[in-house]
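What follows is calculated from the coordinates using simple rules that are stated; it is not laboratory data. Predicted model only: the values in this text are computed from it and were never measured. Ideal geometry is used to build each Cβ from the backbone, glycine not excepted, and the neighbour counts take in all protein chains shown.
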Amino acid sequence: MSWPYENTAPFCSSGSIACGKAAVSAEALAARFAVSSRTIYRDIASLQSIGAPIRGESGVGYQLEQGYFLPRLHFDAEEMEAIMLDMRHLIARKGGGLGDAAERETGKVAAALGREASEQFRHLNILVATRQREEDLLAERWGGLVPHAIRKRSVLDLVYFSLDGRESRRCVHPLGLPQFDEVWLLAAWCEIAEDFRNFRLDRIKAAAVTGARFRQIPKQRFQDYLASL
């Protein structure tokens, strides 16, 4: 969910939903957390479905009954190890642009677990080690632009060097960031080839957002790309 995990105080104290005061609109919540109103509606429905006492409706606003606490997150030992392994893997492999996000997420998960479980989570005996490779350093240049373009469905103008040294310019619809072996890839729909193409992040020479956005079209979506592998 998109709510802050401040579980040591009543949920209303985070400023997200008014407790015993005037209702807060979905638009105000969306602006507060930099998400869409649609996300707020979805998350409100999810919270209500697990019993959170939220009153209100779309177009009117929402109120949370005073004194309500969100339950703490709870993971068993194997689940905590799996989460930490994933986070440390992303932190070690920065080429996909998710290392910084993984570090922030580690802190948020730890804070939501409570003091004792948080200490256990932070000090799990799990190590992910990887050697620094030139390919990762080159790929890291696009760690901000490419994920953002995927989220926003922004068409990208790429200058790309193939493995045989040929340079080409492509207009692509960025779909996802698969990782195969030691290489981060941009999975995309190529307008020139009219088909799916993989672009190694470390071999992208230049990339820019064109200003155009693409739609989710059957047979051109990420799930269609996965089905084609």
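So the values come out like this:
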read-out	value
Nearest-20 debye value, segment 77-122 charge dipole, Cβ charges on Lys, Arg, Asp, Glu	260 debye
Karplus (6.51, -1.76, 1.60) ³J(HN,Hα), θ = phi - 60°, over segment 194-202, in Hz, Gly and Pro reported as x	6, 6, 6, 9, 9, 10, 5, 4, 6
Phi-based couplings in Hz for segment 159-172 (Karplus 6.51, -1.76, 1.60; Gly and Pro marked x)	10, 10, 9, 6, 5, 8, x, 7, 9, 9, 10, 10, 10, 10
Within straight-line cross-link reach of Lys219, aspartates and glutamates at Cα separation under 17 Å, skipping those fewer than 8 residues along the same chain	Glu191, Glu194, Asp195
Distant-in-sequence amide H partners of Arg200 (H built 1.01 Å from N, under 5 Å)	Leu186
Estimated dipole of segment 90-229 in Debye, rounded to 20 [Cβ of Lys and Arg +1, of Asp and Glu -1, Cα centre]	460 debye
Gain upon complete extension [Asp157, Asp195; 0.36 nm per residue less C-alpha separation]	12.1 nm
